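Trainee: Mind having a look at this structure? Questions to follow.
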Amino acid sequence: MNVTDLDTRPAASSAPIEVLKSVCRSCHGGCGILLHVQDGKLVKVEGDPDSPLNHGRLCPIGTVTADLVNHPQRLKYPMRRIGPRGSGQWQRISWDEALDEIAERLGAIKQEYGPWSIALGTGTGRHHIRWVSRFGHALGTPNWCEPGFAQCFHPRVNTCILTMGDFPVADYTGGTPPACMMFWGHNPLNSGPDGETRFSVREALDTNPEIIVVDPRETELARRAKYWLQLRPGTDDALGLAFLNVIIAEKLYDAEFVQRWTHGFDELAAHVRNFTPEWAEPITWVPADKIRDAARLFARTKPAMLEWGCAIEHTPNCIQTIRALSMIPVLTGNIDVPGGWVFGMKGLGRFPSLIEKLSPEANAKRLGADQFKLLGGEGADLPAAHIPTLLQAMREGKPYPVKAFLIFGNNTLTTMANSKLVYESLMKLDFILCADVFMTPTAELADILLPAALWPELDQLAGLPTVAANVVLANQRAVRIAESKPDEEIFVELARRMKLDSCTESVQDVLNGMLKAGGLDMTFAELTKLGHVTIPFRYNKYENEKGFKTPTGKIELYSTRFEAMGYAPLPSYEEPPESPISRPDLTDKYPLVLTTGGRIPFYFNSEHRQVEKLRRAHRDPVVEIHPETAARYGIKNNDWMWIETRRGRIKQKARLTTGIDPRVISAQHGWWFPEEQGPEYGVWKSNVNMLTDNQAPFDPAMGTYQLRALLCQVGKVEAE
Ligand SMILES: Nc1nc2c(c(=O)[nH]1)N[C@H]1C(S)=C(S)[C@@H](COP(=O)(O)OP(=O)(O)OC[C@H]3O[C@@H](n4cnc5c(=O)[nH]c(N)nc54)[C@H](O)[C@@H]3O)O[C@H]1N2
Ligand SMILES: Nc1nc2c(c(=O)[nH]1)N[C@H]1C(S)=C(S)[C@@H](COP(=O)(O)OP(=O)(O)OC[C@H]3O[C@@H](n4cnc5c(=O)[nH]c(N)nc54)[C@H](O)[C@@H]3O)O[C@H]1N2
Ligand code: SF4
Ligand SMILES: [Mo]
């Protein structure tokens with residue numbers, strides 16, 4: 001579907017239209033957007049031509065913002081459940097009643113079991129994500145979580161901070177186009193890179209760089225690539241090590257940069273000596289010559305950038321995969337250079353997470369932190385709880401009971417692995433609070449349900465480290481919908497009602513404080529008039545800043561921090577726990593490799609299935625399968641087909657394509673059906689996390705579980 005097919009015409013009215021500058025926050029990106037408001041209603045949106053990130057364009061999701069905001073199924077007022085959990089019986093209550101009841105229930109649980117028995121959950125990249133941990137810390141609990149934290153983006157952030165002192169991002173705003181772009185487990189034309197926008201990627205592609213793509217599926221980028229490395233899902237670590245082997249063995253590295261600015265090159269060189277492309281070929285299914293050619297191309301073409309995505313983080317060898325891949329731009333001298341990988345300018349001050357308010361006793365209780373130090377302990381930029389450990393504490397009361405879960409924007413039943421076990425865990429709780437913009441199968445399990453505001457209904461600073469690379473963006477409240485409230489304001493009101501000694505400042509005070517701490521001499525209200533501020537960029541910052549912010553002052557190829565925490569200092573390969581190589585005993589019953597979750601442009605994870613215009617563009621869940629494989633099972637294009645793993649069975653619609661290996665299938669994630677009967681809304685029908693596992697093995701440092709390389713079998717769904 002084309003974006004222009006979406007009907008965004010304003011409703012007929014003669015009242016004046018006010019146009020407000022804002023920033024779309026329907027994904028991790030920050031496209032400039034103009035909000036047209038008439039009679040207090042959002043009637044139309046347009047891309048902001050002044051935005052350096054999208055130059056007036058919007059993707060399908062951004063385009064339907066008014067449909068989303070004004071959707072008749074939005075939650076409009078607080079509700080209390082009156083029947084048994086999951087019975088779908090609700091009663092409208094006032095905000096005062098809701099907040100009083102929440103305060104009372106939390107107070108009682110805190111008293112009896114300690115504040116750590118209250119856990120909080122949120123969703124990816126939300127405006128209020130850091131407010132969830134802030135409120136938790138003020139309440140005295142270290143147990144907040146987000147399904148992407150151990151699985152997406154943050155493993156890259158934490159690893160790079162430890163080994164390079166900062167998190168590098170691709171440089172799109174400096175005016176120097178990349179000569180080579182390598183897309184590794186990342187499809188930013190659909191997903192938008194982390195905190196920039198797909199439009200920056202398109203503009204860079206228009207300058208005709210060399211392209212390398214590492215992906216099991218033939219995406220648009222793969223079709224444009226000089227080298228498309230069609231690897232077996234879950235083997236990115238082996239492929240990354242083979243790249244390092246070629247770059248070092250053939251002396252393709254930037255000798256001057258490596259000598260002056262890296263630590264542990266000799267150890268790395270010895271370590272990867274045997275990881276030749278020939279070693280990697282049978283593991284990854286990528287021909288050795290192709291690996292060699294791609295590594296040579298990346299190393300010889302300058303400047304070059306690596307665009308990496310969450311596919312490399314959906315594996316229990318997540319951290320070491322990131323380690324291997326991050327060294328490719330480092331060895332080739334593409335760090336903090338125009339058109340390469342750069343460190344941001346940090347126009348925003350650090351968000352006041354209030355972590356210092358946690359008592360040492362509470363801090364020590366963060367579930368999973370003793371084991372997974374990059375997720376919950378000393379190696380984490382913002383420590384979070386380990387979800388499988390948290391769910392176990394809900395189910396079994398071990399290592400101590402978790403009694404309440406406060407869910408602020410997370411469709412837990414669809415986005416966390418092993419949905420049935422997640423459901424069992426939630427059903428054991430004494431109290432569930434859910435704040436969401438729509439009713440969902442997860443929200444139906446709550447005791448109290450709060451109507452959250454969407455981004456056009458609130459004030460925020462776009463605060464991802466990447467967005468703040470050199471552009472600081474303000475998102476301003478344009479409209480209000482019924483009794484909905486921004487999550488941030490809910491936290492402040494709850495903190496005040498519970499008489500907590502922090503988290504009681506107003507949202508505006510916190511935003512102004514972040515601008516001030518970042519050195520911007522303006523208030524949030526002043527920034528909203530401008531929409532965004534661009535900070536002049538500097539490259540090669542390490543030269544003037546006495547090196548990189550690591551113990552050795554250099555980029556640590558051999559990581560002293562990892563070693564000190566008891567983790568391997570050099571990257572390694574681990575076979576996925578459920579693969580044709582690690583579990584040949586399963587392949588008779590489950591002969592195919594299943595990958596999940598490749599993004600499509602019409603939905604953000606489990607969201608937006610209510611929006612008819614998007615549904616018209618993409619009605620059903622789709623699984624990609626090779627025609628030869630499909631023929632073997634009697635499956636035709638558009639047939640519903642079963643997908644089954646050791647955990648469960650779901651159905652999705654077959655899309656036959658030769659752009660996938662006959663031994664692999666790729667299923668979509670986040671599916672449920674708002675149009676079907678509640679309280680389940682078809683959540684057990686096509687939800688791919690019925691198939692995934694949240695049990696060990698986990699990444700030893702991050703606690704990550706496997707989402708992209710599992711064994712499955714398929715079959716045609718006969719008429720039911
Ligand atoms: N199998 C498999 N599972 C996956 C993935 C995969 O690739 N494969 N991807 C994983 C990844 S990377 C991630 S990050 C997670 C994402 O997991 P989530 O973050 O849970 O996903 P979403 O569906 O985006 O968000 C959940 C809810 O937030 C609500 N919401 C939207 N805006 C707001 C708001 O402003 N306030 C409040 N209170 N609620 C709001 C939406 O209505 C929705 O119900 O999923 C993970 N799960
Ligand atoms: N429109 C839209 N935008 C989104 C989202 C969304 O749901 N919709 N989700 C947001 C979230 S939470 C995230 S984390 C990002 C994710 O965005 P990306 O990081 O781009 O991740 P995906 O699109 O899930 O996967 C990228 C590619 O990885 C490939 N892949 C699958 N398995 C493997 C593997 O084992 N190895 C390798 N190398 N590749 C593999 C898939 O075929 C896919 O093309 O997008 C964000 N933006
Ligand atoms: S790419 Fe993201 S930020 Fe940009 S319009 Fe689409 S949803 Fe909004
Ligand atoms: Mo994510």
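Trainee: Against the conditions (1) over 23 Å from residue 42 (Cα atoms); (2) β-branched (Val, Ile, Thr); (3) modelled with pLDDT under 95, where does residue 440 fall short? Just the number, please.
Mentor: Against the list (1) over 23 Å from residue 42 (Cα atoms); (2) β-branched (Val, Ile, Thr); (3) modelled with pLDDT under 95, residue 440 comes up short only on (3).
Trainee: How many residues does the range 184-194 contain that are farther than 12 Å from residue 222 by Cβ and more than 6 Å from ligand 2 (Cβ to nearest atom)?
Mentor: Of the residues in that region, 2 qualify.
Trainee: Please identify the pairs in which a residue from the range 246-259 that is at negative phi and crowded, with 21+ Cβ neighbours inside 10 Å has its Cβ atom under 6 Å from the Cβ atom of a residue that is basic (Lys, Arg) and assigned to a helix (DSSP H, G or I), counting only partners at least 6 apart or on another chain.
Mentor: Pairs found: 246/292.
Trainee: Can I ask one more? Please work out which one of (1) within 13 Å of residue 116 (Cα to Cα); (2) of a type outside the set (A, V, I, L, M, F, W, C); (3) within 25 Å of the chain's Cα centre (by Cα) is the condition residue 419 fails and give its number.
Mentor: Residue 419 satisfies all of (1) within 13 Å of residue 116 (Cα to Cα); (2) of a type outside the set (A, V, I, L, M, F, W, C); (3) within 25 Å of the chain's Cα centre (by Cα) except (1).
Trainee: State yes or no: is residue 704 within 25 Å of the chain's Cα centre (by Cα), within 14 Å of ligand 2 (Cβ to nearest atom) and either under 30 Å from residue 584 (Cβ atoms) or among the hydrophobic types (A, V, I, L, M, F, W, C) (or both)?
Mentor: When the stated conditions are applied, residue 704 passes them.
Trainee: Now for a different question. Give 86, 107 a once-over and let me know the one that is away from ligand 2 (no atom under 16 Å from the Cβ), within 26 Å of residue 148 (Cβ to Cβ) and either of a type in the set (Ser, Thr, Tyr) or assigned by TED's automatic domain parsing to the domain that holds residue 439 (or both).
Mentor: Being away from ligand 2 (no atom under 16 Å from the Cβ), within 26 Å of residue 148 (Cβ to Cβ) and either of a type in the set (Ser, Thr, Tyr) or assigned by TED's automatic domain parsing to the domain that holds residue 439 (or both) holds for just one of 86, 107, which is 86.
Trainee: Oh, and also: What's the number of the condition residue 679 fails, among (1) touching a Ser or Thr at 6+ places or on another chain (Cβ under 9 Å); (2) buried (at least 22 other Cβ atoms within 10 Å of the Cβ); (3) not aromatic (Phe, Trp, Tyr)?
Mentor: (2)
Trainee: Right, another one. Which of the residues belonging to the range 687-720 are farther than 21 Å from residue 233 by Cα and crowded, with 24+ Cβ neighbours inside 10 Å?
Mentor: The one that is farther than 21 Å from residue 233 by Cα and crowded, with 24+ Cβ neighbours inside 10 Å: 701.
Trainee: Return the total of residues in the range 675-720 being aliphatic (A, V, I, L, M) and either modelled with pLDDT under 95 or within 14 Å of ligand 1 (Cβ to nearest atom) (or both).
Mentor: Selection size over the range 675-720: 9.
Trainee: Restricting to strands (runs of 3 or more DSSP E) lying wholly in the range 15-81: which have 3 or more residues that are under 25 Å from the mean Cα position of the chain (by Cα)?
Mentor: On the way: elements: 17-23, 32-38, 41-47, 79-81.
Here the list is empty.
Trainee: Could we say that residue 206 is touching a residue at least 40 places away in the same chain (Cβ under 8 Å) and more than 24 Å from residue 548 (Cα to Cα) here?
Mentor: no
Trainee: Only one of 632, 609 is modelled with pLDDT of 95 or more and away from ligand 1 (no atom under 15 Å from the Cβ). Can you tell me which? Before you say what the answer is, go through the steps one by one.
Mentor: Numbers: 609 fails: away from ligand 1 (no atom under 15 Å from the Cβ).
Just one listed residue meets the conditions, 632.
Trainee: Right, here's the next one. When you scan the range 366-386, do you find a residue that is away from ligand 2 (no atom under 16 Å from the Cβ) and more than 26 Å from residue 167 (Cβ to Cβ), even just one?
Mentor: no
Trainee: Grab the helices (runs of 4 or more DSSP H) fully contained in the range 258-314, keeping just those with 2 or more residues being touching an Asp or Glu at 6+ places or on another chain (Cβ under 6 Å), at pLDDT 95 or above and within 16 Å of ligand 3 (Cβ to nearest atom). Working first, answer last.
Mentor: Working: elements: 265-272, 277-284, 288-300.
It comes to none.
Trainee: Moving on to the next point. Could you say which residue among 478, 495 is within 16 Å of ligand 3 (Cβ to nearest atom), surrounded by 20 or more Cβ atoms within 10 Å (Cβ to Cβ) and more than 26 Å from the chain's Cα centre (by Cα)?
Mentor: Numbers: 495 fails: within 16 Å of ligand 3 (Cβ to nearest atom).
From the options 478, 495, the qualifying one is 478.
Trainee: Another question, then. Output the residue which, of all residues in the range 139-155 that are surrounded by 24 or more Cβ atoms within 10 Å (Cβ to Cβ) and either assigned to a helix (DSSP H, G or I) or among the aliphatic types (A, V, I, L, M) (or both), is farthest from ligand 2 (Cβ to nearest atom).
Mentor: Across the range 139-155, the extreme among qualifying residues is 139.
Trainee: Only one of these conditions is not met by residue 173: (1) surrounded by fewer than 23 Cβ atoms within 10 Å (Cβ to Cβ); (2) without any contact (Cβ under 8 Å) to a residue 60 or more places away in the chain. Which number is it?
Mentor: Status for residue 173: all satisfied but (2).
Trainee: Within the range 197-246, which residues are modelled with pLDDT of 95 or more, β-branched (Val, Ile, Thr) and under 21 Å from the mean Cα position of the chain (by Cα)?
Mentor: 213, 214, 219, 235 - these are the residues of the range 197-246 that are modelled with pLDDT of 95 or more, β-branched (Val, Ile, Thr) and under 21 Å from the mean Cα position of the chain (by Cα).
Trainee: Let me ask something additional. From the list 234, 240, pick out the single residue that is touching a residue at least 12 places away in the same chain (Cβ under 8 Å), in a helix (DSSP H, G or I), surrounded by 21 or more Cβ atoms within 10 Å (Cβ to Cβ) and not acidic (Asp, Glu).
Mentor: On the way: 234 fails: in a helix (DSSP H, G or I).
Result: 240 is the single residue among 234, 240 that is touching a residue at least 12 places away in the same chain (Cβ under 8 Å), in a helix (DSSP H, G or I), surrounded by 21 or more Cβ atoms within 10 Å (Cβ to Cβ) and not acidic (Asp, Glu).
Trainee: It is to be established whether one or more residues within the range 484-504 are farther than 29 Å from residue 130 by Cα, out of contact with any helix residue (DSSP H, G or I) (no Cβ under 7 Å at 6 or more places or on another chain) and assigned to a loop (DSSP other than H, G, I, E, B).
Mentor: No; the residues of the range 484-504 include none that is farther than 29 Å from residue 130 by Cα, out of contact with any helix residue (DSSP H, G or I) (no Cβ under 7 Å at 6 or more places or on another chain) and assigned to a loop (DSSP other than H, G, I, E, B).
Conditions tested, residue by residue: (1) outside any loop (DSSP other than H, G, I, E, B); (2) within 12 Å of ligand 2 (Cβ to nearest atom); (3) in the same structural domain as residue 359 (by TED's automatic domain parsing); (4) surrounded by fewer than 23 Cβ atoms within 10 Å (Cβ to Cβ).
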position: 112; (1), (2), (3), (4): yes, no, yes, yes
position: 124; (1), (2), (3), (4): no, yes, yes, yes
position: 130; (1), (2), (3), (4): yes, no, yes, yes
position: 134; (1), (2), (3), (4): yes, no, yes, no
position: 158; (1), (2), (3), (4): yes, no, no, no
position: 161; (1), (2), (3), (4): yes, no, no, yes
position: 177; (1), (2), (3), (4): no, no, no, yes
position: 182; (1), (2), (3), (4): yes, yes, no, no
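Trainee: Any chance the range 583-603 includes a residue that's away from ligand 1 (no atom under 15 Å from the Cβ), within 30 Å of residue 65 (Cα to Cα) and either among the hydrophobic types (A, V, I, L, M, F, W, C) or assigned by TED's automatic domain parsing to the domain that holds residue 64 (or both)?
Mentor: no
The values are calculated or read from the model by the stated rules, or taken from the named source; none is laboratory data. Just so it is clear, the structure is predicted and the values come from calculations on it, not from any experiment. Here the Cβ is made from the backbone with ideal geometry for all residues, glycine too, and neighbour counts use every protein chain on show.
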